[in-house]
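Everything on this sheet refers to the single structure shown next.
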Amino acid sequence: MKLLAITLFFALCFSTLSFSPKIQASKKIIIDLQPFDDLPKEYLNYVHTELKKMYSDVEIKGSIALPKHAWYAPRKRYRADSLISYLSKRTPVGHLTIGLTTKDISTTNGNIKDWGIMGLGYCPGKSCIASSFRLNKGNKLLQLFKVSIHELGHTQGIPHCPQKTCYMQDAEGKNKTDTEVGFCDKCKKVLVKAGWALK
Ligand SMILES: [Zn+2]
Ligand SMILES: [Zn+2]
């Protein structure tokens, strides 16, 4: 009986050792943090530090100018969809880009041609964008991180989530980030598969 237990233990160890490196090496992408040149270093460093706690392969890119073609003059803000396609073109295979800016961004939402938003990411997608413009002054850095993680979640194929405490809840045009505490178990599962270190 004892022998069987030991044999089983070794068998388990062996299979764990031989399989885990393969799982980790499979198609884990690199997240590129792309600041636009209006973004304070402090904002970038905060999002980077928090994101690194959940995902190991994060790289900070040198800051770039906001592309002129994304400017929407009638509302004096940038079109988020244009920014995303601009970032996607610059994103190499095996990478995923999140753009960060303090400028106001917008997209078309149903009948509303130009609707101001906090962030945008296609589901799934190669790049996304988060803006601090609509966030609360006293809590801006944490909220920017939550918007970033929400948009990154979309790029990984996660749709909106009904849980109010989950990062993937639908903002429905408001800033609801303060009720969010993490990913719910359902959303977490998708990200763990993609190599996120979530407990
Ligand atoms: Zn969303
Ligand atoms: Zn969720």
Give me the percent of DSSP beta bridges within segment 76-199 that run antiparallel, rounded to the nearest 5.
45 percent
Just how much of residue 69 is accessible, in Å², when a 1.4 Å probe is used and the result is rounded to the nearest 10?
120 Å²
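Computed over the Cα atoms of segment 142-199, what is the ratio Rg over Rh, Rh following Kirkwood? It would help to have the intermediate numbers written out before the result.
Details: Rg = 10.5 Å, Rh = 11.3 Å.
On the Cα set of segment 142-199, Rg over Rh gives 0.93.
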Computed from every Cα-Cα pair in the chain, P(r) in 5 Å bins starting at 0 and rounded to whole percents is 1, 7, 15, 19, 19, 14, 8, 5, 3, 3, 2, 2, 1, 1, 0, 0
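Summing Lys, Arg as +1 and Asp, Glu as -1, what charge do residues with Cβ under 14 Å from the Cβ of residue 44 carry, residue 44 excluded? Could you put the intermediate results ahead of the total?
Details: positive: 41, 52, 61, 140; negative: 32, 37, 38, 42, 50, 59.
Overall, the nearby charge balance is -2.
How much net charge surrounds residue 29 when only the other residues with a Cβ under 14 Å from the Cβ of residue 29 are counted, with Lys and Arg +1 and Asp and Glu -1?
+1
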Once the dipole of segment 48-192 is set up from charges on Cβ (+1 Lys and Arg, -1 Asp and Glu), the residue from the list 167, 135, 190 lying farthest towards its positive end is 135
Helical contribution to [θ] at 222 nm, DSSP H n ≥ 4, -39,500 (n - 2.57), averaged over the chain, rounded to 500
-11500 deg cm²/dmol
Between residue 181 and residue 122, what's the calculated FRET efficiency when r is the beta-carbon distance and R0 is 30 Å? Round to 0.05.
0.75
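Counting Lys and Arg as +1 and Asp and Glu as -1, each charge on the Cβ, what is the dipole of the chain about the Cα centre in debye, to the nearest 20?
Working: 30 positive and 16 negative charges, 32 e Å.
So the magnitude is around 160 debye.
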Residues whose modelled amide H sits under 5 Å from the amide H of residue 182, counting only those 5 or more places away in sequence or on another chain, are 167
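The values are calculated or read from the model by the stated rules, or taken from the named source; none is laboratory data. These numbers come from a predicted model, not from an experiment. All Cβ positions, even for glycine, are placed from backbone atoms using ideal geometry, and neighbour counts span all protein chains on display. Heads up: the accessible areas ignore ligands, DNA and RNA and are worked out on the full protein's heavy atoms, side chains in. Shrake-Rupley method; radii C 1.70, N 1.55, O 1.52, S 1.80 Å.
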